[in-house]
Amino acid sequence: MLTKTVTRLNVPGPKARSVMARDGRVVSSAYGRVADFVMDHGRGSEVFDVDGNRYVDFVAGIAVNSTGHSHPQVVQAIQEQAEKFLHISSDYYHDEWVRLSERLAGIAPFEEQAHVFLGNSGTEAVEAAIKLAQYHTGRRRFIGFLSAFHGRTLGSLAFTASKTVQRKGFQTIPFVSHAPYPNAFRPLLAVQPDDEDYGDTVVNYIEQVMFKGLTPPEEVAAILVEPIQGEGGYVVPPASFFPRLREVCDRHSVLLIVDEVQAGMGRTGKWWAIEHTGVEPDVVCTAKGIASGIPLGGIIARKSVMDWPAGAHGNTYGGNPIACAAALATIDVLENGGMQNAREQGAYMMARFREMADRHPSIGDVRGRGLMIGVELVKDKTALEIAPDLRNRVVQIAFEHGLLLMGAGVNTMRIIPPLVITRDLVDEGLDIFEYALTLAEEEML
Ligand SMILES: Cc1ncc(COP(=O)(O)O)c(C=O)c1O
């Protein structure tokens, strides 16, 4: 039930319109925008546009602003580092880089000692993982998953399979075969009588169909997988998926790479989403939430796997001191309450969405972990026909009433606020969400 009144904003305002018009003249047409939001500044889990309109932020720069906007501890760490030096290049050493690598190695989701390679983004993390897997195993082939998103450079794009517009017109690296992601809500494969769950079904398909007819396992370097599928629709795999996948990887000496770019860094209430499964991966890709908005990404791999020699891979900005300082402060904030808050607010939000589902015919499924929540919208609960237009309309109405939202997949709303969001803002955002959903249902169902 609504706890506060929801009011309509007059957006986009004149200043926003002016910036958007100039943007249209010079910024690449490749960027697709979700709403006419022109940022002026942010504070915690609120953002303000150039015309002074205020919004609750349920997007956090796509899971990047994990500590909220301009968290004072993160800003201070960046300022202090900026006074010392901005860059030195990865050809030299510095302490912040080592300290961050130590912290990341310390929270790696496997027992073995970890080594860390840093870059600037999610796609670079995935590229590093692809190259490392090829180098370490001497093999060339990979398994990825349908509806996955791993980035847009030519290596990671070969795994990305969420929208054809992202691949159309581009030649990616070869040797990637895609399996269905274990989406039990919308299964592509028929579950067999002996299967434990749909996760088991998918792994059986990899072994019995792909490994027998398509992709010789002895040539497979790695399986690259999101622990919770992000862009594909916020899909949490069934319990047996990762344990079975690990077993298959071990049987064929294939590396298990988890892409934690969206799900990692505390978002699900643990450092890594894979930790909810009890499975230890070989390589972890991270970016987004790691440095609260300063570009940073990287991989954390078992020491025995990261065996490439100096010069095999590298970059100019690896270990950038500003990014490292921001990441160290981010980790502190998340460790000292941020992750705990993600668990608490996540459970509360999930309960409120489930209760909302009882009142709304268009909520087909609510799923997720911590503050990585997906709400799948359908035309009605019995037929489960997807409702992409309704989902997009909710994004727009919410924007016009002071809430930033973003979709994932064709018909799912992703809910990914800063991990430090307060209960008051959670309630305010959920009220606007329900208001927008009610209006969209009245208009469209
Ligand atoms: C799971 C996952 N991997 C990789 C990427 C690519 O990250 P970036 O946009 O920083 O290259 C994304 C971005 O959304 C992602 O969600």
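Only a single criterion out of (1) of a type outside the set (D, E, K, R); (2) in a helix (DSSP H, G or I); (3) farther than 28 Å from A329 by Cβ; (4) without any contact (Cβ under 8 Å) to a residue 40 or more places away in the chain is not satisfied by V98, namely (3). Within segment 127-149, residues that are assigned by TED's automatic domain parsing to the domain that holds V261 sit with their Cβ atoms under 7 Å from residues that are polar (S, T, N, Q) and assigned to a loop (DSSP other than H, G, I, E, B), at 6+ positions apart or across chains, in these pairs: E127/T153; R141/T215; I143/T215; S147/S162; A148/T160; A148/S162; F149/T160; F149/S162. For L245, the test of being within 16 Å of the ligand (Cβ to nearest atom) and not in a loop (DSSP other than H, G, I, E, B) is failed. Residues in segment 252-272: is at least one in contact with a His (Cβ under 7 Å, 6 or more places away or on another chain) and near the ligand (Cβ under 10 Å from one of its atoms)? Checked against the condition, which is being in contact with a His (Cβ under 7 Å, 6 or more places away or on another chain) and near the ligand (Cβ under 10 Å from one of its atoms), segment 252-272 yields at least one hit. Contact map, segment 228-239: residues that are in the same structural domain as C285 (by TED's automatic domain parsing) and in a loop (DSSP other than H, G, I, E, B) paired with residues that are within 12 Å of the ligand (Cβ to nearest atom) and among the basic types (K, R), Cβ distance under 6 Å, separation 6+ or inter-chain. Pairs shown: Y234/R414.
Would you be able to tell me the number of residues in segment 123-172 that are in a loop (DSSP other than H, G, I, E, B) and away from the ligand (no atom under 11 Å from the Cβ)? Quick ask: steps written out before the conclusion?
So in segment 123-172, the residues in a loop (DSSP other than H, G, I, E, B) come out as 138-140, 146-153, 158-163, 167-172.
Among the residues that remain, those that are also away from the ligand (no atom under 11 Å from the Cβ) are: 138-140, 146-147, 158, 161, 163, 167-172.
Total satisfying the criteria: 14.
For the structure I just gave you, tell me whether V209 is more than 16 Å from the ligand (Cβ to nearest atom), in a helix (DSSP H, G or I) and buried (at least 24 other Cβ atoms within 10 Å of the Cβ). No, not satisfied.
When you check R391 against the structure, is it within 25 Å of S147 (Cβ to Cβ), basic (K, R), assigned to a strand (DSSP E or B) and in contact with a helix residue (DSSP H, G or I) (Cβ under 9 Å, 6 or more places away or on another chain), yes or no?
Numbers: within 25 Å of S147 (Cβ to Cβ): yes; basic (K, R): yes; assigned to a strand (DSSP E or B): no; in contact with a helix residue (DSSP H, G or I) (Cβ under 9 Å, 6 or more places away or on another chain): yes.
When the stated conditions are applied, R391 does not pass them.
Can you pull out the residues in segment 34-62 that are at positive phi and in a loop (DSSP other than H, G, I, E, B)? Passing the criteria: only G52.
The values are calculated or read from the model by the stated rules, or taken from the named source; none is laboratory data. Source: prediction; values computed, not measured. All Cβ positions, even for glycine, are placed from backbone atoms using ideal geometry, and neighbour counts span all protein chains on display.
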